[in-house]
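Asker: Here it is: the structure, laid out below.
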Amino acid sequence: MTRVEFYFNVPDKLAKTAELCERAVAKGRQLTVFTQDQAMNSVLQQQLWQRSASSFLPSSGADQVTSQFSPIVLATNGENLLQDDVLINLQTQHPPFFSRFRHLVELVGSDEADKVAARARFRFYRDRGYEVKSIDATVS
């Protein structure tokens, strides 16, 4: 069963995504980041490539040939996904394909609209029997 984690009070979702990607890639994990659109993909890809002065986090779009070699795949839909390890959701709705992943990470910002959408996703997972772990991003 997919392990579900909610990080709440996240001041900058893209920065937190890059941080989580860095930690996961260091452990040999593969990630899919479910983004809102291509513009978000571009901004996130820049953050991943410039994560630290001594390294970068290689990423690729799900529709690119290089995605099969990349530890981080950026996707705006559930098509062309080759791995099922970690999914980070940056959309307001639950990903319809989340259950194929071992681990799902949901990020919740501080604005009220984001919190309302996150509560609906939290209930969705909980009501279907998933154990949901909550993590305060200001503490972690």
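Asker: For the range 6-18, what does the Karplus curve 6.51 cos²θ - 1.76 cosθ + 1.60, with θ = phi - 60°, yield as ³J(HN,Hα) per residue in whole Hz, taken in order and with x for Gly and Pro?
Answerer: 10, 9, 10, 6, 7, x, 9, 4, 5, 5, 5, 4, 4
Asker: Length gain on complete extension for the stretch Thr2 to Val65, per 0.36 nm per residue less the alpha carbon to alpha carbon distance?
Answerer: So the extension gain works out to 20.0 nm.
Asker: FRET efficiency for Arg100 and Ser42, Cβ-Cβ distance as r, R0 = 25 Å, nearest 0.05?
Answerer: About 0.45, to the nearest 0.05.
Asker: Quickly estimate the mean residue ellipticity at 222 nm for the chain, helices only: each DSSP H run with n ≥ 4 gives -39500 (n - 2.57), and the total goes over all residues, rounded to 500.
Answerer: Helix-only estimate at 222 nm: -9500 deg cm²/dmol.
Asker: Hey, what angle do you get for helix 112-127 against the long axis of the chain, alpha-carbon based, 0 to 90 degrees rounded to 10?
Answerer: Helix 112-127 sits at roughly 80 degrees to that axis.
Asker: Shifting gears a bit: GNM, the chain, Cα, under 10 Å: largest mean-square fluctuation among Phe122, Phe34, Phe69?
Answerer: The residue that fluctuates most here is Phe69.
Asker: Filter the GluC sites (Glu not before Pro) in the range 47-140 to those in DSSP coil with at most 12 other Cβ atoms within 10 Å of their Cβ, and list the result.
Answerer: Glu79, Glu131
Asker: For Gln50 and Asp127, calculate 0.36 nm times their separation in residues minus their Cα-Cα distance, and state this gained length in nm to one decimal.
Answerer: Result: 23.8 nm gained on full extension.
Asker: What is the helix-to-structure angle for 38-49, meaning the angle in degrees between its Cα long axis and the longest Cα principal axis of the chain, kept from 0 to 90 and rounded to the nearest 10?
Answerer: Compared with the principal axis, the helix lies near 60 degrees.
Asker: Can you work out the FRET efficiency for the pair Arg119 and Ala15, with r the C-beta to C-beta distance and R0 = 30 Å, to the nearest 0.05? Please report the intermediate quantities before stating the final value.
Answerer: Working: r = 23 Å, r/R0 = 0.76.
It comes out at approximately 0.85.
Quick note: the coordinates plus some simple rules give every number you see, no bench work behind them. If you're wondering where the values come from, they're calculated on a predicted model, not measured in any experiment. All Cβ positions, even for glycine, are placed from backbone atoms using ideal geometry, and neighbour counts span all protein chains on display.
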